[in-house]
1. Looking at (1) of a type outside the set (G, A, S); (2) within 14 Å of chain B (Cβ to nearest Cβ); (3) at positive phi, which is the only condition A:Y221 fails?
2. Residue check: is B:W93 farther than 30 Å from B:G128 by Cβ, without any contact (Cβ under 8 Å) to a residue 40 or more places away in the chain and at the interface with chain A (Cβ under 7 Å from one of its Cβ atoms)?
3. Those residues that are within 7 Å of chain A (Cβ to nearest Cβ) and either more than 19 Å from A:R228 (Cβ to Cβ) or polar (S, T, N, Q) (or both), I need them from the stretch B:28-63; list them, please.
4. Which of the residues spanning the stretch A:22-54 are without any contact (Cβ under 8 Å) to a residue 12 or more places away in the chain and either assigned to a helix (DSSP H, G or I) or of a type in the set (V, I, T) (or both)?
5. I need a count of the residues in the stretch B:96-110 that are facing another protein chain (nearest Cβ under 7 Å) and either closer than 30 Å to A:S138 by Cα or surrounded by 13 or more Cβ atoms within 10 Å (Cβ to Cβ) (or both).
6. Which of the residues spanning the stretch A:29-87 are within 30 Å of A:V115 (Cβ to Cβ) and acidic (D, E)?
7. Please enumerate the residues belonging to the stretch A:285-296 that are more than 7 Å from chain B (Cβ to nearest Cβ) and either in contact with a Ser or Thr (Cβ under 6 Å, 6 or more places away or on another chain) or part of a helix (DSSP H, G or I) (or both).
8. How many of the residues in the stretch A:129-156 are surrounded by fewer than 24 Cβ atoms within 10 Å (Cβ to Cβ) and under 23 Å from A:L92 (Cα atoms)?
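Each reported figure results from applying straightforward, stated rules to the coordinates on display, with no laboratory input. Small disclaimer: the values here were computed from a predicted structure and weren't measured. Cβ sites come from the backbone with ideal geometry, for glycine too, and all protein chains shown count toward neighbours.
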Amino acid sequence: MTDVLDVALRLLVVLAVFLVLPLVVGQTEHKVMAHMQGRLGPMYAGGFHGWAQLVADGVKFAQKEDVVPKDADRRVFQLAPAVALLPYLIVLVAIPIGPGEGAVGQVVDAGIFFVLAVMGIGVLGSLMAGWASANKFSLLGALRTAAQLLAYELPMLLAAASVAMAAGTVSLPGILNAFEWWWLPWQIVGAIVFFVAGLAELQRPPFDMPVADSEIIFGAYTEYTGLRFALFLLAEYAGIVVLCGLTTVLFLGGWHGPLGADGLGWVWTLLKTAVLAFVVIWLRVTYPRLREDQLQKLAWTTLVPLALAQIALTGIVKVAIQ
Amino acid sequence: MPEPTVGAAQAADHFETYSAVGLLAVIGVMFVAVAFGAGRLLRPVVPTPEKLLTYECGVDPVGEGWAHTQVRYYVYAFLYVIFAVDSIFLFPWATVFAAPGYGATTLVEMFVFLGFLAVGLLYAYKKGVLAWT
């Protein structure tokens, strides 16, 4: 009985984290972007520096009419937001934030494998949305999404494999247990490749060509309104949380920190994740959008060779120190 | 590396892990269902023919939405399938390659593997596949 209660509690905590952290990232993005561009950002909702802006947005979304275009493939159109959103919830359960069994939703043996496989499903949501909308711009957006997945899944996979080689295990807590500080410089190339590829998979700027509003309106999401549109947005920000959390766990040592190893490990994980989320926002404000051919070129002629080089380096060092 | 336990205990463990994951998936589906259900109760429904027209870019749509388009990256798609299937095999290999008794042999194997990938990529590059046409 206590076992069942324990699992239920953990899953509810995962759900709570899944619903709260993306909003925190979203609000941070509002404010950070605004200040980087010399504006104030939201200031009214909730009183103190517009902290409740996203709550207000949520209320607005919930009471908006839900329009499904007459020509659209109705069922697929309506299901797409759920398909885009839920993989990130499921990935979150496997990410450890502290040492020990108590600080992870559920220890999954095949950690990296599971996480990468489930994250890949999210893209299906965009494809479904783009196809079902019966809208030329949405279709183009969906095809661009597919192109991006094709190009960036591979370097991401290779970079993650490099960490699995270093640790000799694919379990996420196992990797962190094996972590040493000098992995940081050792795996730095892999870390950058993983993070950049992840950004591309989330369609975050500068890789936001699939939703480029000035070219193809809003890509696959053009026809969506209200709650379903809100779920797509939530998926994007949940994706940021998951990507930053995974980069932290795989490459930045997760709960390891210069001090407070016992008990305060989760603070380090959250801190590193937050810094990475800030970088994601920073990149959005800094870089212009990449063109389709530039996207493919970056992936195939830069990231893939870099990831292969990282694997070679990891292999040599690992065998040398054995 | 965690020592693999054998037999029934491992199978039971496995089952427990993924049943928790499955339960989370159920919770997720319930969350979405409740959100959609609540949304249905909260929002107005006033459809008009104009509203149900495909929006596209704001101008009335011309022709049908499932338009023909040339997918110019299909060669990349082939490359991706080849490479990704190869790379999957890296993971089981990664967990054992430095185990006692392997070492240098597996390292050489790794370079053979990387060599194949690199030559493939180089060939694609030489053929001009990686350049936009």
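1. (3)
2. no
3. Within the stretch B:28-63, B:T54, B:C57 meet the criteria.
4. Selection gives A:V24, A:A34, A:H35, A:F48.
5. Of the residues in that region, 5 qualify.
6. A:E29, A:D57
7. If the condition is that a residue be more than 7 Å from chain B (Cβ to nearest Cβ) and either in contact with a Ser or Thr (Cβ under 6 Å, 6 or more places away or on another chain) or part of a helix (DSSP H, G or I) (or both), then A:V285, A:T286, A:E292, A:Q294, A:L295 are the ones that fit.
8. Of the residues in that region, 2 qualify.
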